[in-house]
Amino acid sequence: MRSRLLSWGTLCLGLGVLFAFRALALIDATGLWSDELYSVGKSFQPDLSALIAMLREDTHPPLYYLVLWLWGGVLGGTPVTLRLLSWLAYVGGGIVMLAQTQALAKEQGRDPWRSLPIGCLLAFCSPYPIRFAIEGKSYALLVLLIALAWWWRRRERDGLYGLALALASLTHFYGLFLALAAATWDAWNRRWRSAAAAATAAVPALAWIAYASDYLLSDRAGSWIGVPDFALFEDTLARAIGLWPLPKLAVLLVLMWALRRHGWNWGNRLLLDRSAVIPSLLMVAAVVAVSFVKPLAFSRYFVVLLPALLPWLAVQAGTVILTPRPRWFVVVAFAALLATWWGPGFAELDPLQPALREQDQFALVSRRTAGVSNRYSPRARL
């Protein structure tokens, strides 16, 4: 049994490395798309004061752009250095999530080698992490910081937990929403030190909101986000599990029902709490509810759920013990799933694929509109 688990773990580790380095190989394969150009325009400024002034009129908090400004000052402001920061954060976040998976499995009295291979596939090969692995935006860094926050929360290191949450809150406002949800949940359970750490972590981001309130509290902020609808759910699901999300969801629900009938306990409250799944789901419920009044829910932003959900899923999957025939069925199903992740999962990153990054590939637009007057709308920040 141990040798089989080690072989399975080695195979999954190899697949994770293969996916990660394929993403790295594509780091300069496509031109920057519009959101990445905004990152360039905001971050690669000649002086810090100009950057701060510009960020006061932006939808997101400042930390990622400050880090990118320093990063570009050291390595140079190029598309490769822009995306390399995200790739390093993607690798770091995956490693932290694997460490969390191992620790949670041990806490549950399980063999970590039953969970780590699945955790490796989810952290390094699934569509959400791959999609943002080489994108010049804050999402990979955000996942790394939240993964660190949940790691320190589980270890009850309140100072480091609060620091990681504060940095996540200053990277993206969904980090702030997670901090407030975690503070509420821990206060409800009378874990006062943990609740205080999370509440304190929210203060810097709240101070930034006050500083940039003229823009952030206006109708201009997040004006592209609509009210929640079924398309939001479907798009988020597609980002999470890839091609054909609704049929895949149906298969997963049937599988969970079958496992539940055979004694699989997927509702372990201690594991849900220790992995931070509960505060993460509370955040989602609050954001969706508020979005019917002030739209905040956007499928890209739900990447913040990965640091809680992936270790939890891996540990839960590691508790399933199958006989040989069902085991082979699961292996074949996983192979088919990985095939949909390997091909379509890289479609927006690979110039040989027909898909374009968010349907907004700047270099392609530039070539097709060469010689046309008024090719671009005015963008002072660029």
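Here are a few things to note about the model shown:
- If the condition is being hydroxyl-bearing (Ser, Thr, Tyr) and either surrounded by 13 or more Cβ atoms within 10 Å (Cβ to Cβ) or assigned to a loop (DSSP other than H, G, I, E, B) (or both), then segment 213-222 contributes 215, 218.
- Only residues that are touching a residue at least 24 places away in the same chain (Cβ under 8 Å), over 20 Å from residue 320 (Cα atoms) and surrounded by 16 or more Cβ atoms within 10 Å (Cβ to Cβ) were counted in segment 237-261, giving 6.
- Per this entry, residue 303 is counted among residues that are under 23 Å from residue 231 (Cα atoms) and in contact with a helix residue (DSSP H, G or I) (Cβ under 6 Å, 6 or more places away or on another chain).
- No other residue among 31, 16, 72 is farther than 25 Å from residue 95 by Cα, surrounded by 13 or more Cβ atoms within 10 Å (Cβ to Cβ) and not aromatic (Phe, Trp, Tyr) apart from 31.
- Of note, residue 310 does not satisfy the criterion of being touching a Pro at 6+ places or on another chain (Cβ under 8 Å) and in a helix (DSSP H, G or I).
- Residues located in segment 223-261, provided they are within 17 Å of residue 128 (Cα to Cα) and assigned to a loop (DSSP other than H, G, I, E, B): 242, 243, 244
- As for segment 356-370, it holds at least one residue that is part of a loop (DSSP other than H, G, I, E, B), surrounded by 16 or more Cβ atoms within 10 Å (Cβ to Cβ) and at pLDDT below 75.
- Selected residue (criterion: nearest to residue 132 (Cα to Cα)) from residues of segment 53-83 that are of a type in the set (Gly, Ala, Ser) and part of a loop (DSSP other than H, G, I, E, B): 77
Condition check ((1) closer than 23 Å to residue 303 by Cα; (2) surrounded by fewer than 22 Cβ atoms within 10 Å (Cβ to Cβ); (3) without any contact (Cβ under 8 Å) to a residue 12 or more places away in the chain; (4) charged (D, E, K, R)) across all residues:
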{"position": "64", "(1), (2), (3), (4)": "yes, no, no, no"}
{"position": "84", "(1), (2), (3), (4)": "yes, yes, no, no"}
{"position": "87", "(1), (2), (3), (4)": "yes, yes, no, no"}
{"position": "97", "(1), (2), (3), (4)": "yes, no, no, no"}
{"position": "115", "(1), (2), (3), (4)": "yes, no, no, no"}
{"position": "119", "(1), (2), (3), (4)": "yes, no, no, no"}
{"position": "131", "(1), (2), (3), (4)": "yes, no, no, yes"}
{"position": "148", "(1), (2), (3), (4)": "yes, no, no, no"}
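- Taking every residue in segment 13-28 that is assigned to a helix (DSSP H, G or I) and pairing it with any residue that is modelled with pLDDT under 90, at least 6 positions away or on another chain, the pairs with Cβ-Cβ distances below 8 Å are 15/338; 19/341; 19/342; 22/346; 23/346; 23/349.
- Residues that are farther than 21 Å from residue 218 by Cα, surrounded by fewer than 22 Cβ atoms within 10 Å (Cβ to Cβ) and not polar (S, T, N, Q) within segment 278-301 comprise 278, 281, 282, 284, 285, 300, listed in sequence order.
The values are calculated or read from the model by the stated rules, or taken from the named source; none is laboratory data. Quick caveat: nothing in here was measured; it's all calculated off a predicted structure. Methodologically, a virtual Cβ is constructed for each residue, glycine included, from the backbone with ideal geometry; neighbour enumeration extends over all protein chains shown.
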